[in-house]
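In what follows, a single structure is set out as structure tokens and then discussed.
Values in this text are rule-based calculations from the coordinates and carry no lab data. Just so we're clear, the structure is a prediction, and the values are computed from it rather than from any experiment. Note: ideal-geometry Cβ built from the backbone for every residue, glycine included; neighbour counts use all protein chains shown.
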Amino acid sequence: MGSNSVEDMIEASSGVHFSGFHMDGLESKNIEKPTTSPGAKNVHKQPFIIGVAGGAASGKTTVCDMIIQQLHDQRVVLVNQDSFYHNLTEEELARVHEYNFDHPDAFDTEKLLDSIENLRHDRAVDIPNYDFKSYKSNAFPARRVNPSDVIILEGILIFHDPRVRELMNMKIFVDTDADVRLARRIRRDTVDKGRDIGAVLDQYSKFVKPAFDDFILPTKKYADIIIPRGGDNHVAIDLIVQHIRTKLGQHDLCKIYPNLYVIQSTFQIRGMHTLIRDSQTTKHDFVFYSDRLIRLVVEHGLGHLPFTEKQVITPTGSVYTGVDFCKRLCGVSVIRSGESMENALRACCKGIKIGKILIHREGDNGQQLIYEKLPQDISERHVLLLDPILGTGNSAVQAISLLIKKGVPESNIIFLNLISAPQGVHVVCKSFPRVKIVTSEIEIGLNEDFRVVPGMGEFGDRYFGTDDDDNLQAVAPMQLSNQSC
């Protein structure tokens, strides 16, 4: 079964709800096309881009200010859509009160896109400083904006253009009652701008309200997070900032794919990775430290399984309220290197059933499934798929496609590995957005032979001691390679 046909069968994930606001499955877009081209290199760290939309006077600026204040230890820049209004022509200036500033055509979206793309690629930009008296963007010097960790895009129609939406890692819609927005607008325009209340109401009924109904409100459906009451909703702001901090501490791929999990790195984990990657490490040490790392990955993977609440009586006669492990569980190892992970799984899950899948490497990066032995009731179980290396993602797609063909729900599959190449992550996560990937480290990429770099060599050969010439000849007819998983 091909990955495209599998993907077509899967429905879009449904949203989840938090008290005080809605989270509709944070989708991080702007995914670069995965590549298995030779000599893949590291790229610069991508900024986390947040879009904040909502009606005029809904409290967008307050929300942005609160987020920036709480992220004081990060480099954060605010870019306002208002900075990108078109310069008015002489004819438009003569009838400025008839000009609709709330219409999508009032904005220079191409210039906005160009500015954000430059910031994404680590280049400073000059943001126009629009003058609302002359209605020109060149009346004042432009504002110099440097690349940052977080970019906040704020504006009434920031979600209207799909190209702008695609740039965002998080989309927030500030949802404030229409009467509150109108009252704020009247107060702002009459007090701050000295406008006549009649003119304010006339503009509201003629342009602002129709534009909100026709262009702004329909973009609410694109939001990942909907904040009622704007800046008054401190719970929502706190949760958003917490989520941003989590994402900033993760690998860039974790910002793109919510189903990718990289276990938190420590000096212990880095030290064990150093040992197993060292070509001079003995087989005994390689196995010992690989087992330790595999155990950590397995434990982390088990943490993503469903659980039920359970009460037990302790030896002191007290009641302890805890959780009960998922009962319907099995492992599936991709022969041969995946079998190295079985002992850690058995140590964590007593008596667990483990199935086998053998995928044969053919020619230039081709894959063929040649053997499978799986539990008969696997469709009723959660599955931990075991393979220590995720390279191109081709055999991972083969294995996951087989499990789905056997009736395993995509959301019931957790793919466990030690190291993952970005190319393989792209392939698996895009093909199977509900499959969770748990790994201990993301690699630089693949070389011209489609081997993971820096990698750790042929994992199965090093683990099972078959990396000498005699033993390699014994397994050569099978042409197995964990690097092509």
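For the chain, what is the convex hull (Cα atoms) projected area averaged across all directions, in square nanometres?
29.0
Once the piece of chain linking Asp213 and Val191 is laid out straight, how much longer is it, given 0.36 nm per residue of separation minus the C-alpha distance between them?
Using 0.36 nm per residue and subtracting the Cα-Cα distance, I get 5.3 nm.
With the dipole of the chain worked out from charges on the C-beta (+1 for Lys and Arg, -1 for Asp and Glu) around the Cα centre, which of Pro228, Ala344, Ile263 lies farthest toward the positive end?
Ranked along the dipole, the leading option is Ala344.
Contact order normalised by length for the stretch 239-344, with contacts defined as Cα pairs under 8 Å and 6 or more residues apart; what percent is it?
15
How large is the Kirkwood hydrodynamic radius of the stretch 44-249, in angstrom, based on all distinct alpha carbon pairs? Walk me through the intermediate numbers first.
On the way: mean 1/r = 0.0564 Å⁻¹.
Averaging 1/r across every pair of different Cα atoms and inverting gives 17.7 Å.
Could you give the nm distance between label points at Thr314 and Glu448, where each point is 7 Å from its Cα heading toward the beta carbon?
6.4
Quick one: net charge of Cys349's neighbours, Cβ under 14 Å, K/R +1, D/E -1?
It works out to a net charge of +4.
Defining a contact as two alpha carbons under 8 Å apart and six or more residues distant in sequence, what relative contact order in percent does the stretch 44-249 show?
35
Can you list the residues of the stretch 224-251 with backbone N under 16 Å from a point 7 Å past the Cα of Gln264, pointing along Cα to Cβ?
Of the residues in the stretch 224-251, 242-251 have backbone N under 16 Å from the label point off Gln264.
Calculated from DSSP H runs of 4 or more alone, at -39500 (n - 2.57) each and per residue, what is the 222 nm mean residue ellipticity of the chain, nearest 500?
Using -39500 (n - 2.57) per qualifying helix, the result is -9000 deg cm²/dmol.
Would you grab the residues whose amide H sits under 5 Å from the one on Phe48? Only those 5+ places off in sequence or on another chain, please, with H modelled 1.01 Å from N.
Result for Phe48 returns Val150, Ile151.
If a paramagnetic tag sat 7 Å from the Cα of Lys133 along the Cα-Cβ line, which residues of the stretch 191-225 would have the backbone N under 16 Å from that point?
Output list for this probe position: 192-195.
Set the bar at 24 Å for Cα to Cα. Now go through Lys136/Lys193; Lys171/Lys209; Lys45/Lys171 and name every pair that lies beyond it. Please list the in-between numbers first.
Values: Lys136/Lys193 18 Å; Lys171/Lys209 22 Å; Lys45/Lys171 20 Å.
Flagged as over cut-off: nothing, all pairs pass.
Could you size up the charge dipole of the stretch 33-177 around its Cα centre, putting +1 on the beta carbon of Lys and Arg and -1 on that of Asp and Glu, and report it in debye to the nearest 20?
Dipole of the stretch 33-177, to the nearest 20 debye: 760 debye.
Charges at C-beta only: +1 for Lys and Arg, -1 for Asp and Glu. How large is the resulting dipole of the chain about its Cα centre, in Debye rounded to 20?
Here the size comes out at about 1040 debye.
Hey, rough spin-label estimate for Ala94 and Lys221, points 7 angstrom out along Cα→Cβ, what's it come to in nanometres?
Distance between label points: 4.1 nm.
Tell me, what is the percent relative contact order of the chain, built from C-alpha pairs under 8 Å that lie six or more residues apart?
Once divided by the residue count of the chain, the mean separation gives 18 percent.
Straight-line reach from Lys310: which lysines have a Cα under 26 Å away, not including same-chain ones fewer than 8 places off?
Lys327, Lys350, Lys353, Lys436
For the pair Arg295/Arg163, report the inter-label distance in nm, with labels modelled 7 Å from Cα in the Cβ direction.
Using points 7 Å along Cα→Cβ, the separation is 5.4 nm.
So which trypsin sites (Lys or Arg not before Pro) in the stretch 251-313 are both in a DSSP loop and have at most 10 other Cβ atoms within 10 Å of their Cβ?
Answer by residue number: there is no such site.
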